[in-house]
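Peer 1: Input: one structure, supplied below.
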């Protein structure tokens, strides 16, 4: 078995755990008496993001100088997704009376986790491949800071719908364009 195949087993478990957490809460989150559209959109966004991120990990198949710190750093990707999944779907999702109240109670955790993820993405290439490239593609990530700012500061439903729609559209666009090929991270 090649080293990448061996390593991919470990991060497959982390991605799977995050996806299962989200899917496990989907039934409770879609209950018509308790659901909140913004919360549901963020669950969908995270599921799509997990799939495209896993699809992009193929880019690291040719890395030859694997070290423990690189392996741990790669696992952080899935770990951040798992943390976001735990914020979106608690241990006992059937006990949530109102997903709207739950969302606004936990929105700071969600947006700070997204911010942490954006920072992680910026340093990912440098840690894993040693490349320090800060080109126009990386500036695109700065756009994602604007919704985080408004998400942290606002409790307005319309603002949060707009933020969720923005992330959904950009995630779908990325999935159907740049991230449509395995190892798409190499193309950046």
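Peer 1: Report the residues of region 46-84 in range of a label on residue 6: point 7 Å along Cα→C-beta, backbone N strictly under 14 Å from it.
Peer 2: Residues 64-68, 71 qualify, since their backbone N sits under 14 Å from the label point.
Peer 1: Helix-only mean residue ellipticity at 222 nm, the chain, DSSP H runs n ≥ 4 weighted -39,500 (n - 2.57), per residue, nearest 500. What is it?
Peer 2: -25000 deg cm²/dmol
Peer 1: What is the gain in length, in nm to one decimal, between residue 169 and residue 16 on full extension, counting 0.36 nm per residue of separation less the C-alpha to C-alpha distance?
Peer 2: 52.7 nm
Peer 1: Here's a follow-up. What span do the alpha-carbon atoms of the chain cover on each of the three principal axes, reported in whole Å from largest to smallest?
Peer 2: The principal-axis extents, from largest down, are 52, 35, 27 Å.
No lab work stands behind these numbers, since they all come straight from the coordinates. As the structure is a computational prediction, the values presented were derived from the model and not from experiment. Positions of Cβ are backbone-derived with ideal geometry, glycine not excepted, and every protein chain shown enters the neighbour counts.
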